[in-house]
Amino acid sequence: MAKTCKSQEEIANDAIKNALKALRKRHLLEEAAHRPAFEALSRPIASQGSEWKEKAESLQLELQQCYKAQSRLSEQLVVEVAESRALKASVQVKETAIAEMQKELTEVREERSQLKSDLEQKIKALELVMSENSELKAQLEQMTTKANKAEAENKMLIDRWMLEKMKDAERLNEANALYEDMVQRLKASGLEQLARQQVDGIVRRSEEGAEFFLESNIPSTCKYRLNAHEGGCAAILFEYNSSRLITGGQDRSVKVWDTNTGTVSSNLHGCLGSVLDLTITHDNRSVIAASSSNNLYVWDLNSGRVRHTLTGHTEKVCAVDVSKVSSRHVVSAAYDRTIKVWDLMKGYCTNTIIFHSNCNALSFSMDGQTIFSGHVDGNLRLWDIQTGKLLSEVAAHSLAVTSISLSRNGNVVLTSGRDNLHNLFDVRSLEVCGTLRASGNRVASNWSRSCISPDDNHVAAGSADGSVYIWSISKGDIVSTLKEHSSSVLCCRWSGMGKPLASADKNGTVCVWT
């Protein structure tokens, strides 16, 4: 191995020596070739030495300037190389950004394609919905046409029905005439009996249309606390010559209660709105309810069926009363600023009174020819039901009238108002003959009903604090305050038999007091 390496070194040395020899030989040959020219050139060198020296210095100066220029160029080259590298890095960054943007562009294109596909699907769905809508419109037009046709047929049937009713009314004219004659006779006999009614605190009448009452007692205890209605009870009344109580409430029901046992005797269904007021005919055959459904409902008390639905009001009906002479005529008031007179035998309205102030309460007078009305403007008005003429008017309260109650003998009318006063008016002159008030008594609503006892000696009224206040009419003082209700008391009614007294509140609770 060492011999091999040595031989290679020797070979290399020999090669170098040969190369040096070749170079010397070449140098000698070139020197020999250039000698004549060198000798020829060296002759004028002496004479031209100073000139060449100047040129050499000039060239030396130019060389220095070239070096300086080269240095500047080198510096520029370095700067440009650095800028080139920076630009190259920037280009790379931009290329990366371009690649990312191209990727995003691809994604956006794909998303656009998907959205386009979704839009096409939505357009197809919209076209389908529009087609279905067109079909539904066509069906609606057909149904509208059928409905118009049915309405026309219904109107024709109603016209025919009204014509038949008018024919029936004509056939009943003779019977009505006989009935009116009987009413006049009964009224005359009734006036005769009223003239001699008070005997030892007891009034008795004949068995036919029997009506009797004992001297009213002042209640002190709650005999029954009835959960009568859901949402509130605004209307209660007693049957004539009976202790049975009838209540109407916000739950659209009318119930008949036995106050001796505190149980429900019957339910009257069919009312489509809240019951705001109740009245009953003097023969105890029919109960009439004023409703927030803009209608009045007339039930047969024995069968529990609706005899009539009296329509004509355009707003809620808040007050109703029946004639004290006959069971035929009914008067109602609604928040459409009208008072309507109804004929129960014919089943429709016979007269309409229009007035600018809404009426909250109504009551027939004893003769059955006039009615008292209490209005939102605080006035008490007297009307002729036949002509609809306003006979008299008096400012009863500074705020709305909420209740009107006529005394048993018909000589005094009691009004209650939102000014928390209870005024007694002489029917003949419409002058105030008494005012009842209490510091804690506050009228709870526009339809809070107060009442006069059957012996015309006391007044009962509910209050917003849940109390029932009882005044003596002759003394004008409070004789009792009944506390059992947990919410505002809306109405009070005394049984015509002298006891019990009933009261109802906003929670639908009815208390029977003895």
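If you go through segment 225-235 one residue at a time, do you hit one that is modelled with pLDDT of 70 or more and either of a type in the set (S, T, N, Q) or over 29 Å from Val317 (Cβ atoms) (or both)?
So in segment 225-235, the residues modelled with pLDDT of 70 or more come out as 225-235.
From the residues that got through so far, the ones that are either of a type in the set (S, T, N, Q) or over 29 Å from Val317 (Cβ atoms) (or both) too are 225, 227.
Scanning segment 225-235, I find at least one residue that is modelled with pLDDT of 70 or more and either of a type in the set (S, T, N, Q) or over 29 Å from Val317 (Cβ atoms) (or both), so the answer is yes.
Can you list the strands (runs of 3 or more DSSP E) lying wholly within segment 233-348 that have 1 or more residues being in contact with a Gly (Cβ under 8 Å, 6 or more places away or on another chain)? Break it down into steps so the answer makes sense when it comes.
Values: elements: 233-238, 244-249, 254-258, 263-268, 275-280, 286-291, 296-300, 306-310, 317-322, 329-334, 338-343.
Filter on segment 233-348 gives 233-238, 244-249, 254-258, 263-268, 275-280, 286-291, 296-300, 306-310, 329-334, 338-343.
Please work out if Ser365 is at pLDDT below 95, open to solvent by less than 20 Å² (accessible area, probe 1.4 Å), under 32 Å from the mean Cα position of the chain (by Cα) and more than 23 Å from Ser488 (Cβ to Cβ).
Values: at pLDDT below 95: yes; open to solvent by less than 20 Å² (accessible area, probe 1.4 Å): yes; under 32 Å from the mean Cα position of the chain (by Cα): no; more than 23 Å from Ser488 (Cβ to Cβ): yes.
Criteria not met by Ser365.
Sort out which residues of segment 456-514 are open to solvent by 30 Å² or more (accessible area, probe 1.4 Å), of a type in the set (A, V, I, L, M) and within 23 Å of Lys255 (Cβ to Cβ), and write them in order of number.
Across segment 456-514, the qualifying residue is only Met497.
Among the residues of segment 371-398 satisfying the criterion of being of a type in the set (A, V, I, L, M) and part of a strand (DSSP E or B), which is surrounded by the fewest Cβ atoms within 10 Å (Cβ to Cβ)? Please lay out each step first, then the result.
So in segment 371-398, the residues of a type in the set (A, V, I, L, M) come out as 371, 376, 380, 382, 385, 390-391, 394-396.
Add one more test, that the residue is part of a strand (DSSP E or B), and what stays is 371, 380, 382, 390-391, 394-395.
On the way: Ile371: 25, Leu380: 23, Leu382: 18, Leu390: 13, Leu391: 13, Val394: 16, Ala395: 9.
Checking each candidate, the answer is Ala395.
Each row is one residue, and each column tells you yes or no for (1) at pLDDT 75 or above; (2) open to solvent by less than 80 Å² (accessible area, probe 1.4 Å).
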site: Thr4; (1), (2): no, yes
site: Asn13; (1), (2): no, no
site: Lys21; (1), (2): yes, no
site: Lys25; (1), (2): yes, no
site: His34; (1), (2): no, no
site: Ala40; (1), (2): no, yes
site: Ala56; (1), (2): yes, yes
site: Leu59; (1), (2): yes, no
site: Gln64; (1), (2): yes, no
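What is the residue count in segment 279-299 for residues that are more than 17 Å from Ile236 (Cα to Cα) and under 36 Å from the mean Cα position of the chain (by Cα)? Please lay out each step first, then the result.
Start the filter on segment 279-299 by keeping residues that are more than 17 Å from Ile236 (Cα to Cα), which leaves 283, 293-295.
Subsequent filtering for residues that are under 36 Å from the mean Cα position of the chain (by Cα) retains 293-295.
Residues that pass the stated criteria total 3.
Of the residues in segment 408-438, how many are β-branched (Val, Ile, Thr), surrounded by fewer than 17 Cβ atoms within 10 Å (Cβ to Cβ) and either within 17 Å of Ile371 (Cβ to Cβ) or out of contact with any Phe, Trp or Tyr (no Cβ under 9 Å at 6 or more places or on another chain) (or both)? Write out each step before concluding.
From segment 408-438, those β-branched (Val, Ile, Thr) are 412-413, 415, 427, 432, 435; that's our starting set.
Still in the running and surrounded by fewer than 17 Cβ atoms within 10 Å (Cβ to Cβ): 432, 435.
Filter again for either within 17 Å of Ile371 (Cβ to Cβ) or out of contact with any Phe, Trp or Tyr (no Cβ under 9 Å at 6 or more places or on another chain) (or both), leaving 435.
Number of matching residues: 1.
Considering only strands (runs of 3 or more DSSP E) fully contained in segment 436-514, which possess at least 3 residues that are small (Gly, Ala, Ser) and more than 19 Å from Phe425 (Cα to Cα)? Show your work before the answer.
Details: elements: 458-462, 467-472, 478-483, 489-494, 501-505, 509-513.
In segment 436-514, the matching strands (runs of 3 or more DSSP E) lie at 501-505.
Answer with yes or no whether Asn441 is in contact with an Asp or Glu (Cβ under 9 Å, 6 or more places away or on another chain) and crowded, with 19+ Cβ neighbours inside 10 Å.
On the way: in contact with an Asp or Glu (Cβ under 9 Å, 6 or more places away or on another chain): yes; crowded, with 19+ Cβ neighbours inside 10 Å: yes.
Yes, satisfied.
I need a count of the residues in segment 301-320 that are under 25 Å from Ser365 (Cβ atoms), open to solvent by 20 Å² or more (accessible area, probe 1.4 Å) and either among the acidic types (Asp, Glu) or more than 28 Å from the chain's Cα centre (by Cα) (or both).
1
Can you pull out every residue in segment 218-262 that is of a type outside the set (Lys, Arg), on the phi > 0 side of the Ramachandran plot and open to solvent by 40 Å² or more (accessible area, probe 1.4 Å)? Walk me through it before giving the result.
Taking segment 218-262 and keeping what is of a type outside the set (Lys, Arg), we get 218-222, 224, 226-243, 245-251, 253-254, 256-262.
When the remaining residues are screened for being on the phi > 0 side of the Ramachandran plot, the result is 231-232, 241, 262.
Correct list: Gly231, Asn241.
Test Ser266 against the stated conditions and say whether it is more than 25 Å from His375 (Cα to Cα), surrounded by fewer than 18 Cβ atoms within 10 Å (Cβ to Cβ) and without any contact (Cβ under 8 Å) to a residue 24 or more places away in the chain. Talk me through it step by step, then tell me what you get.
On the way: more than 25 Å from His375 (Cα to Cα): yes; surrounded by fewer than 18 Cβ atoms within 10 Å (Cβ to Cβ): yes; without any contact (Cβ under 8 Å) to a residue 24 or more places away in the chain: no.
The answer is no for Ser266.
Restricting to segment 52-105, give me the number of residues that are over 60 Å from the mean Cα position of the chain (by Cα) and either outside any helix (DSSP H, G or I) or among the polar types (S, T, N, Q) (or both).
12
Which one of the conditions (1) assigned to a loop (DSSP other than H, G, I, E, B); (2) closer than 30 Å to Arg307 by Cβ; (3) among the hydroxyl-bearing types (Ser, Thr, Tyr) does Ser357 fail to meet, given that it meets all the rest?
(2)
Given the criteria in contact (Cβ under 8 Å) with a residue 12 or more places away in the chain, closer than 22 Å to Gly410 by Cα and touching a strand residue (DSSP E or B) at 6+ places or on another chain (Cβ under 9 Å), does Cys492 qualify?
Values: in contact (Cβ under 8 Å) with a residue 12 or more places away in the chain: yes; closer than 22 Å to Gly410 by Cα: yes; touching a strand residue (DSSP E or B) at 6+ places or on another chain (Cβ under 9 Å): yes.
Yes; evaluated as a whole, the condition is true for this residue.
Condition first: farther than 22 Å from Trp299 by Cβ and either of a type in the set (Ser, Thr, Tyr) or in a strand (DSSP E or B) (or both). Now tell me which residues in segment 213-226 satisfy that. Break it down into steps so the answer makes sense when it comes.
Narrowing segment 213-226 to residues farther than 22 Å from Trp299 by Cβ: 213-225.
Residues satisfying the conditions are Phe213, Ser216, Ser220, Thr221, Cys222, Lys223, Tyr224, Arg225.
The values are calculated or read from the model by the stated rules, or taken from the named source; none is laboratory data. Treat the numbers as computed from the prediction; the structure is a model and nothing was measured. Every residue, glycine among them, receives a Cβ derived from its backbone with ideal geometry; neighbour counts consider all protein chains shown. Note: accessible area is taken over every heavy atom of the protein model, side chains too, but ligands, DNA and RNA are not part of it. Shrake-Rupley method; radii C 1.70, N 1.55, O 1.52, S 1.80 Å.
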